[in-house]
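Following: one structure in C-alpha cells, then a few remarks.
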Amino acid sequence: MTDEQVGIYIRLLCAQHQHGGLINKIAFNSIIKDHLLIRDKFIETEDGFFNQRLLNEMIKRKNKSESFSKNAIIRWEKEKAMQMQCKCNANAFDLHMPIEDEDVNKDVIDIDIKEIEEREMQERKKEEKIEILPPKRKTNSDTNFIDWWCEEYQNRFTIKYVVMGGKEGSLVKKLLEYFSLEELKELATYFFNSTKEWYINNGYKIGIFYSEIQTLSLTKGQTLNLSKTTLANMATWQSICKKNGWNPND
C-alpha cells in the first residue's frame, strides 16, 4: 500500500474503534473513495462496515478488562476483611474483652475470609479452564464448503465466483464452529433463494452471508431442521449480545 492508503486504513480503524465497532456507510465511503484495496479489508453489513480482526481484538480486550476488574474487587474485599480482623484483635487487646467475644469476632471474620478465598479460587479455575482448552481439530469442511459455494454460485448465476483469499476462508471457519457442514449448506441455499433487495444489489457474497447468518438461522431454524444443540447455541449467543450491547451479526 502507498503512504496515502496506509493513512486512510489507519484512519478507518480508528473510526471503527471510536464508534463501537462499526463505521456507518456515509462516513466510510467519504474516507475510502476509490481505494478498492482498502475496501477489501472491511466487511459490509446493512448498518455499515467493520474490520474483522479489529473487532476480535476489541471483544478480547473487553473480556480481559472485565476479568481484571472482578479480580481487583475480590482482592479489595479480602484486604478489607483482613484489616477488620486486625482492628478487632487490637480493640480486644486494649479493652480486655472477654474470651468468648473474641472468639465470636474471630469466627465471623474467618468465615468471611474463607468465602472470599473460595470465590477467588473459583475465578482462577474459570480462567485456567479457558487457557487450557485443547486446540480445535483442523478439518477440510471449510474447503468443502467453499468449493460447494463456488459450484452453486456458478449454477445459479452462470458466472464464476471469485473467492476473496484468506478473508472469506476465515469467515467460513468461524461459521463452522457453530454449524455443521450440512447445516451451513442449507442456510446458504436459503440465502441464495432469498430475493432481499440488499442481497441483489450487493451480490450474493460470503461476507454478506456471514453478516446475515444470525437472521437467516433464527428466522428459518425450524424450517431448515437445524439440530437442537445448534439452535440452543444461537439463542445463547443472542442473549449474550443483548446483555453486553453487541451487534449479534458481527
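Listed values, structure above:
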item	result
Scan of the stretch 166-204 for residues that are without any contact (Cβ under 8 Å) to a residue 24 or more places away in the chain and within 18 Å of Thr45 (Cα to Cα), ordered by number	Ser194, Thr195, Lys196, Glu197, Tyr199, Ile200, Asn201, Gly203
Every pair of residues 6+ apart whose Cβ atoms lie under 9 Å, when the first sits in the stretch 147-165 and is among the aliphatic types (A, V, I, L, M) while the second is open to solvent by 50 Å² or more (accessible area, probe 1.4 Å)	Met164/Asp40; Met164/Lys205
Helices (runs of 4 or more DSSP H) contained entirely in the stretch 1-87, each with at least 1 residues that are buried (at least 16 other Cβ atoms within 10 Å of the Cβ) and among the polar types (S, T, N, Q)	3-18
Selection within the stretch 151-172 - assigned to a helix (DSSP H, G or I) and closer than 18 Å to Ile200 by Cβ	Glu152, Tyr153, Gln154, Asn155, Arg156, Phe157
Enumeration of residues in the stretch 205-218 that are over 12 Å from Ile43 (Cα atoms) and open to solvent by less than 30 Å² (accessible area, probe 1.4 Å)	Ile213, Gln214, Leu216, Ser217
Any hit, the stretch 167-187, residues being open to solvent by 90 Å² or more (accessible area, probe 1.4 Å), closer than 17 Å to Leu218 by Cβ and either modelled with pLDDT under 90 or in contact with an Asp or Glu (Cβ under 8 Å, 6 or more places away or on another chain) (or both)	yes
Candidates Asp142, Asp147 - the one that is touching a helix residue (DSSP H, G or I) at 6+ places or on another chain (Cβ under 6 Å), at pLDDT 80 or above and closer than 30 Å to Thr189 by Cα	Asp142
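The values are calculated or read from the model by the stated rules, or taken from the named source; none is laboratory data. Just so you know, these numbers come straight off a predicted model, no measurement behind them. Cβ atoms come from the backbone with ideal geometry, glycine included; neighbour counts cover every protein chain shown. Please note that ligands, DNA and RNA were not included when accessible areas were found on the heavy atoms of the full protein model with its side chains. Shrake-Rupley method; radii C 1.70, N 1.55, O 1.52, S 1.80 Å.
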